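In what follows, a single structure is set out as C-alpha cells and then discussed.
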Amino acid sequence: MSNSSCPIVALVGRPNVGKSTLFNRITKSRNALVDPTPGVTRDRQYERVVWNNRAMILVDTGGIDDNPEDVLVPHIRDQALAAIEEADIVLFLMDGREGLTPADYEVVDILRRAKKPVYHVINKIDGPEKELELLCPFYELGVETLWSLSADHTFGFNTLMDALSETIEASTMSQDLPDGTVKVAFFGRPNVGKSSMINRILGEDRMIVSEISGTTRDSVDTLLTHGNYSYLLIDTAGIRRKGKTTEKLEKFSILKSLGALERCDVAVILIDADEGITEQDTKVIGYALDQGRGLIILVNKWDLLEGDKKRQDEVLAEVGRQLPFIGFAPLLTVSALSGFGIKRLFPVIGSVYRQYSAQFSTSTINRLLREAVTVHAPPIYKNKRLKFYYSSQIGTCPPKFVIMSNSSKGVHFSYQRFLSNRYREGLGLDKVPIQLIFKDKS
Ligand code: GDP
Ligand code: GDP
C-alpha cells in the first residue's frame, strides 16, 4: 500500500473566469484518469483525478457556491478563505481578456498569507500570439509565476498540469513508517468525539507515541506502538470548525475525509449514540466501501445511555437498519469520556487488519471453490451448466479473488453472493469486505 495522500486542489476565481471550463478540461481529458466512483464524487463539483500517476481531488469552488450571479468581492473572498483553509493546493484563475480587477488583487493578497502552493493562472489566453500583451497587467500583482492558459483551447494546459503533478509529488512524499504499520483513520462529524477518542487512546498504557507531520499540511498523524504492532492514527479532526459549519465547509470536510480514506487501511467511523447516523456518516461509509477499506463502527458517548437498556437497544437496532450493507464491520459501543470499551478497540483493529491483509494459498482457495460447487451446483446459463475452472487470490487489502469460468456473465447475483459467503466462511474473513472477480477462461 502506498502512503501517498490525495491532496485537495481547489479552483478559485471570480464567476466567468473559466473555472468550470478548466474543471471539465481536466476531468474530461484523456490523460486524466477520472475515477467514476459513486458516492460523494457524484456531486460533480469535485472529482478524483489522476494525472501523471498523481492523484488529486479537484474542487470547483464556483460550483460550491450556489450563487454564480454574485460577483461581489466579499463572496469571492469567502471562497478564497475556505479554499485556503481546506485545500492543499489552490489554482487561482483570473481572466486575461478582462485584465486585472480589484477583486483579483484582494484575493491574491489573501492567498499570499496561505502557506500552501498557489498557482496564479491567467485564463483565456487563447494562443501564444497575444500572450505577452495579455499577461502584462498581471505582473503588477508581484507574484513569482504567472501561468498562461486557455482552458477552452488547451494552450498552456499540459504545462500547468505537469507542474501541478510535480507539486503534488513533492508535497506527498511518502512517510517513513515501520514495515507493516497499520494505518487507521478516524471519521465522524464534528463533535462526535474524534479528538477525545484519540487522546483517550494515547493516554492508554504501553503506548509509545511519536507525532509525525501528516502528508498534507493540516493533518498531524500519530505513530504509535501497541504490543508488537505499529499504528498510524490519522486524525481528521482538523476538519472541525465549531460554530462556522456552513454547507460549503461540510462539503470540504467530506473531501478531506476522502483524502484520509485514500491512505488508510482501516476506517473507524464514530457515531454519536445520542444523535444516530447522519447523512455525512453514510457518505463516508459508502466511500470507504467503494475503496474497499476495512471498517469499524464506534458508537461513542455510550455513557449518555447508561442504564437505559431500552434506548440502547433502540440505538443499536437503528444503526443496523441504516447500515444493513456493512454487516461485516465490527461495531463497538464506547465512551471516549469514561474510557468504556476503549480497550477492545486495538484487538478489533488488529483482527480487521489481519483479515484485510491476509494471503491464502491457491490450493486452499481451489479446494474451497470445489467444495462450494458440490454443495450448491452452479446454475444453467444459456442451456449450459456454468463451470468454474480455478480460482486464486489476486490481491490483498482488501482480499481479492479471481474465479475463472466458462461464462462469467452467467454468474448471477445470488450465486455470486453464495460464493462470496463460502469464501468468507472458509477463509475466516468475517470482518472485512472481499472482492470476487469472475472472468472467462479463454
Ligand atoms: P466559471 O464561472 O469561472 O466557472 O467560468 P466558465 O467556465 O463557466 O466560463 C465562463 C465563460 O468563459 C464561458 O463562456 C467559457 O466558454 C469562457 N471561457 C472559459 N475558458 C476560456 C478560454 O480559455 N478562452 C476563451 N476565449 N473563453 C473561455
Ligand atoms: P470531535 O469534533 O469529533 O473531535 O469531538 P471532540 O473530541 O472535540 O468532542 C466533542 C464534545 O463531545 C466534547 O465536549 C467532548 O467532551 C464530548 N465527548 C466526546 N466523547 C464523549 C463521550 O464518550 N461521552 C460524552 N458524554 N461526551 C463526549
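Size estimate for segment 377-434 follows the Kirkwood approach: the inverse of mean 1/r over distinct Cα pairs works out to 12.3 Å. With the simple spin-label model, which puts each label point 7 Å out from Cα in the Cβ direction, the Gln416 to Ala170 separation comes to 4.4 nm.
In segment 329-408, taking the dipole from charged Cβ atoms about the Cα centre, the farthest positive-side position among Leu369, Asn383, Ala358 is held by Asn383. Its Cα centre serving as origin, segment 362-440 has a Cβ charge dipole (Lys and Arg +1, Asp and Glu -1) of approximately 260 debye. Note that segment 145-156 has calculated 3J(HN,Hα) couplings of 10, 9, 9, 7, 8, 10, 4, 6, 10, 6, 4, x Hz, one per residue in order, obtained from phi through the Karplus relation 6.51 cos²θ - 1.76 cosθ + 1.60 (θ = phi - 60°); glycine and proline are x.
Taking Cβ atoms as reference points and 12 Å as the exclusive limit, the residues near Leu134 contribute a net charge of -3, counting Lys and Arg as +1 and Asp and Glu as -1. Converting phi to 3J(HN,Hα) with the Karplus coefficients 6.51, -1.76 and 1.60 and the offset θ = phi - 60°, segment 315-322 yields 4, 5, 5, 5, 4, x, 5, 6 Hz in sequence order, with x at every glycine or proline. Let me check I've understood the local charge: for Ala317, count other residues with C-beta under 12 angstrom from its C-beta, Lys and Arg +1, Asp and Glu -1. What total comes out? Taking every other residue near Ala317 into account, the sum is 0. For segment 321-442, the extents of the C-alpha atoms along the principal axes are 62, 33, 22 Å, listed from largest to smallest. In nm, what is the difference between 0.36 nm times the number of residues separating Lys439 and Arg367 and their Cα-Cα distance? Full extension from Lys439 to Arg367 adds 24.1 nm. Taking Cβ atoms as reference points and 10 Å as the exclusive limit, the residues near Pro398 contribute a net charge of +1, counting Lys and Arg as +1 and Asp and Glu as -1.
Bear in mind that the values in this text are calculations on the coordinates, not laboratory data. Owing to the predicted nature of the structure, the values given are computational and were not obtained by experimental measurement. Because the Cβ atoms are built from the backbone with ideal geometry, glycine has one as well, and the counts that use them run over all protein chains shown.
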